[in-house]
Structures are given as C-alpha cells and as structure tokens.
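Accompanying notes for the structure given below.
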Amino acid sequence: MSNSFWKLSSINAFRKIRPAARRRLAFTCSALLIFCAVAALAIAEGSNEVIPRSQEFSDPDGRFANYNQGGPTDISKNPFFQDLGTNGRRCVTCHQASDAWSVVPAHIQARFEATHGTDPIFRPNDGSGCPTQDVSTEAARREAYSLLLNKGLIRIEQQVPPHAEFTVLNNDNPYGCASTTAISAYRRPLPTTNLLFLSTVMWDGRETFKNSDGTFMPVAEDLAHQAVDATTGHAQGAAPSPEQVQQIVNFETQIFTAQTHDDAAGDLNARGGQGGPRQLSSRQFFIGINDPLGLNPTGAQFSPQIFDIYSNWAGISDRDDDEHAAARRAIARGQNLFNTLKIPITGVAGLNDVLHTDTINGFCGTCHDSPNVGDHSVPAPLNIELVDGSLRTPDLPIVTVMCNSTGVITQVTDIGRAMVTGKCSDIGKFKGPILRGLAGRAPYFHNGSAATLMDALNFYDTRFNLHLSQQDRNDLVAFLKTL
Ligand code: HEC
Ligand code: HEC
C-alpha cells in the first residue's frame with residue numbers, strides 16, 4: 001500500500017472527527033501516522049458527528065464536495081447512519097460521504113487493514129464472493145472478500161423469475177455460487193446522492209415502480225421501497241419503520257455531489273466555470289427531459305448539447321495570473337466532444353431494435369440525455385454489451401442463458417434487467433447512470449470493469465469504432481473528471 005494512499009484515507013477520516021478530539025489526535029499523530037489512521041477511523045465510527053451543509057473531500061484528481069440542502073444532519077439521529085439490521089451494516093457502510101456516497105476500493109482496503117477484515121462491510125451474506133466461502137481467518141477473509149477489496153463489488157443474488165422466457169443452462173461462478181436458479185451478480189454501490197435526478201433506481205431498475213395508470217411513481221416512493229429492501233437485504237434486519245424510511249429518503253434526496261477543484265484546472269467555479277454541487281442542485285429535471293425518442297412531455301426536440309458547465313472556458317486566454325488556462329481550455333474541448341462527437345450506435349438492445357435502425361447516428365447524450373446530469377431521463381435499460389462473454393475477466397462469473405422460444409444461447413457476466421422482468425429482450429440491460437461526482441468514486445460501470453475514466457472511454461472507443469485521437473481522449477477524460 002502506498003504512502004499517498006494512507007495520507008488520503010487518514011485525511012478523510014480526520015475531517016470527520018470532533019474538533020477537540022481532532023486537536024488531541026493531531027498532537028499525537030504526527031509521528032504515528034498509520035496507527036492514527038486506524039484510531040481516526042475508529043473515532044469517526046463512534047462520534048456524534050454532524051454531516052454539515054457543505055463538506056469537501058480529496059479524490060485522486062482534486063476535490064469534490066457534498067452539498068446537503070437539508071442543512072446539517074446529526075448522524076446519531078438519522079437512520080441512514082444507524083444500525084438497523086443484525087450484522088452491523090448501516091447504509092453508510094457502503095455509501096460514504098468521503099467516497100462521493102459510493103465506496104471505493106482504496107478505502108475498503110484501509111478498513112480491511114484496520115479491522116483485519118471484520119469491519120461490517122465484510123459480511124458473508126453479500127460482501128464475499130459466495131456465503132459458503134471460509135471467512136474464519138484473516139487470510140481466508142482476504143480471499144473471500146477479494147472482489148470487494150479489488151473492485152468494490154457487492155454480490156446481488158436474484159431468483160430467475162417464475163415464467164422467465166429463458167433458462168440458465170450453466171453458471172460458472174469462481175466463488176462457488178453456481179446455482180442456475182439463484183443467480184449471483186457483482187455490482188458497484190450506486191451513489192446515494194443527486195438522487196432527485198434519477199429516472200431509474202438500481203442498475204437494473206428493480207426499484208422503479210409504476211402507478212396503476214402506467215405512469216411512473218415519484219422517485220421518493222421508489223427510494224422508500226429501496227430503503228426497506230436494503231435494510232432487510234444488506235443489513236439482514238427487520239423492515240425499518242415508516243418514520244425511519246422517511247428520514248432516510250429525506251436525507252439522501254437532499255444531497256448533491258460534484259467535483260469542485262481539479263488538480264490541473266484549479267477551482268471549477270473560477271472564470272465562469274459552473275462546477276460544484278450548488279450549481280448542480282439548481283438544475284432542472286423531470287422524467288423525459290431532453291429525451292431523444294420523443295418522450296419529452298413538453299414536446300421539445302432533443303439536443304445533444306448535454307453539458308454547458310464549462311462553456312465559458314472555451315476561449316479562455318492565458319492571463320499572467322492564471323496558470324490553469326490551458327487545462328481549462330482542454331476541459332471545454334472535452335465538454336464539446338461529449339456534446340458533439342458522432343457515435344454510430346449499432347447493436348444496442350433497447351435502442352437499435354426499438355427504432356428498427358441498424359445504425360443510429362448518435363452522441364454520448366443519446367443515452368446520457370439529462371442536461372448537466374448525464375443519466376438517462378426515462379427508464380430505458382440498454383445493453384451496451386459490457387457483460388458480453390468476450391469481456392469476461394476471471395474474477396467474474398459467466399452465465400449461459402438460453403431463450404426458450406428461439407433456442408438462442410448467450411453468455412453474459414450479469415443477466416441484468418432480465419432477472420427482474422424475465423424477458424429475453426432484457427438480457428444484459430442496465431440503466432445509463434448519473435455522470436456527476438465521477439472522480440470520487442472509481443471504478444466505473446456496474447461491474448467495476450473500468451478502473452479509470454480513460455478505461456471507460458476506451459471501452460466506448462472499441463465498442464463503437466470511434467478511433468479517437470490521443471488528444472481527444474485526454475480532453476474527454478479531463479472533462480469527465482471535473483463533473
Ligand atoms: C453492503 C453494501 C450496501 C449497503 C449496506 C447499502 N447499500 Fe445501497 N447499494 C448497494 C449496491 C451494491 C447498490 C447497487 C445494486 C444494484 O443496482 O443492483 C446500491 C444501490 C443503492 C441505491 C440506488 C441508487 C441509484 O442510483 O439507483 C440507493 C438509493 C441505495 N443503495 C440506498 C441505500 C440505503 C438507504 C441503505 C440503507 C438502508 C443502503 N443503500 C445500504 C450497496 C449497499
Ligand atoms: C448506447 C448508449 C450509450 C452511449 C452512446 C454512451 N453511454 Fe455511457 N453508459 C451507458 C450505459 C447503459 C451505462 C451503464 C453501463 C453499465 O455499467 O452497465 C453507461 C455508463 C457510463 C459511465 C460509467 C458511469 C458509472 O457510474 O460507472 C461513463 C463514465 C460513461 N457511460 C460515459 C460515456 C461517454 C463519455 C460517452 C460518449 C463517448 C458515453 N458514455 C456514451 C450508455 C451509453
């Protein structure tokens with residue numbers, strides 16, 4: 001483990017400590033950094049600390065901030081931070097303020113080292129590759145929790161729905177969870193922030209519900225349902241009370257997260273930049289906003305100009321006092337690429353088949369259409385073939401699925417939306433997620449297969465034959481890091 005990593009995790013934990021305890025710790029800590037990182041973590045767990053209205057954290061590319069519109073939140077009172085289950089898990093166990101409300105491998109590893117793998121995130125029900133794995137010694141735990149430690153993945157087990165249109169013929173699972181009816185998938189915790197911009201809750205949309213008239217329920221109702229399932233599932237508890245659920249939903253729906261400072265470009269609000277969570281919190285959103293397929297309730301035309309956060313930086317001049325000008329121009333170029341790069345979209349189930357078009361002349365924004373947020377503004381699960389058998393890495397399962405009516409056989413690392421609907425056409429489909437606060441929560445994609453934003457971009461470059469130049473890649477990634 002590198003020194004800079006310890007520095008980062010101890011600083012993050014340090015920020016969470018009450019001022020008096022912090023002063024005492026600072027005094028003793030200078031010489032004993034590693035011990036103190038552990039002590040700081042322990043104190044942070046037990047303190048009566050408050051989540052302030054605004055809180056900034058370091059990430060590998062600079063800093064991001066959480067803006068809590070609900071005002072300071074006492075974590076000793078809000079059930080998001082309380083032990084509601086039976087295994088020590090809390091929502092905050094997997095959704096951490098310091099990790100842009102997801103949880104990142106470096107900090108999971110720090111928790112493992114600090115507790116010898118007994119921190120509540122390390123529980124065999126869904127933290128290990130399979131509940132049958134040995135977790136009796138530290139070495140065994142290191143192995144059983146390897147996916148969590150390396151990629152921050154949690155096991156999601158789902159039953160093949162009754163009357164599914166498909167049969168699972170084989171489930172090659174490296175951890176022993178090889179059932180062909182109860183299927184284990186491994187997924188990244190989605191961040192519990194910017195939630196008011198969601199059209200779809202969970203990677204596979206399983207917590208997004210419709211009213212009896214076919215319209216979608218308000219996201220707050222989806223989230224209430226989700227909070228119950230998270231408590232009974234991850235925390236192995238009884239259902240929380242309606243009051244507790246309400247407090248959880250009130251808390252999580254008032255948080256906004258975005259990058260505020262970039263190592264190369266400096267303050268993301270300077271010289272007309274519109275970065276950071278406060279600006280984000282005032283952005284407009286409704287289901288269908290800027291939809292490309294005619295689902296915008298206002299009838300407005302789709303615009304691929306999804307982001308305008310850094311438009312003022314496009315022509316920024318080299319001033320004597322501004323060493324950031326070149327980096328800012330690069331970010332503006334990256335934003336422009338996101339908005340204008342032509343992507344020949346082929347073979348995407350959920351798009352090409354729906355439109356009966358072999359090649360859609362699209363953009364990043366065809367699937368990331370919510371203005372200045374970047375998620376899909378309607379529930380529209382898509383198969384961009386991340387789960388294709390050809391991209392399987394040895395740490396992931398490979399499931400062989402046959403469509404009963406056609407006999408067509410596919411191999412995927414995660415069945416995705418089809419485990420919710422039972423439909424063959426939904427195999428491998430996932431939602432287009434929010435693209436804000438990215439730098440603070442690597443790795444990317446539901447299965448953590450992209451360690452960096454460059455890796456994510458390279459996936460698209462190959463998948464859609466984009467042939468991006470190195471400069472274009474660098475600019476696009478420079479932009480994504482500032483979201
Ligand atoms: C053991 C880790 C863990 C715990 C504990 C946990 N979550 Fe999660 N959370 C996840 C994972 C993994 C996902 C994504 C799973 C998927 O989509 O299949 C997720 C997804 C979510 C989402 C969906 C966000 C979106 O963009 O769709 C919300 C909201 C959420 N969790 C809230 C909570 C709440 C509230 C609690 C406490 C009651 C909680 N979580 C406890 C791991 C956890
Ligand atoms: C055809 C639809 C489509 C297009 C085009 C598309 N995306 Fe995506 N994007 C998705 C879907 C679906 C996901 C979620 C995939 C998953 O994890 O299963 C995603 C995920 C991502 C993620 C990971 C986010 C996270 O939280 O892990 C990034 C970053 C991203 N896209 C950036 C881009 C960029 C940049 C472009 C343009 C070069 C682009 N996307 C074009 C559909 C698309």
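Computed quantities for the displayed model
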| read-out | value |
| --- | --- |
| Bins of 10 Å, starting at 0 and running to the largest distance - Cα pair percent for the stretch 51-210 | 9, 32, 35, 19, 5, 0 |
| Trypsin sites (Lys or Arg not before Pro) within the stretch 287-347: DSSP coil, no more than 11 neighbouring Cβ in 10 Å | Arg319, Lys342 |
| Nitroxide proxy distance, nm - points 7 Å out along Cα→Cβ at Ala139 and Ala182 | 3.0 |
| Derived scalar couplings ³J(HN,Hα) [the stretch 67-75; Karplus, 6.51 cos²θ - 1.76 cosθ + 1.60; whole Hz; x for Gly, Pro] | 10, 9, 4, x, x, x, 10, 7, 6 |
| FRET efficiency estimate (nearest 0.05) - Cβ-Cβ, Ile409 to Asn458, R0 30 angstrom | 0.55 |
| Estimated FRET transfer efficiency when R0 is 51 angstrom, pair Asp229-Asp322 (beta carbons, to 0.05) | 0.55 |
| Order of Val401, Val348 - criterion: other Cβ atoms within 10 Å of each residue's Cβ, fewest first | Val348, Val401 |
| Lysine pairs within the chain, Cα separation less than 25 Å, 8 or more sequence positions apart or different chains | 17 |
| Sites Gln284 and Phe209 - FRET efficiency at Förster radius 25 Å, r taken between beta-carbons, to 0.05 | 0.60 |
| Extension gain, Lys423 back to Leu169 (0.36 nm per residue minus Cα-Cα distance, nm) | 89.9 nm |
| Helical mean residue ellipticity (222 nm; -39500 (n - 2.57) per DSSP H run of 4+; nearest 500) of the chain | -8500 deg cm²/dmol |
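Every number in this text was worked out from the coordinates using simple rules, so none of it is lab data. Note that this is a predicted model, so its numbers are computed, not measured. Note that each Cβ is placed from the backbone with ideal geometry, even for glycine, and that neighbours are counted across all protein chains shown.
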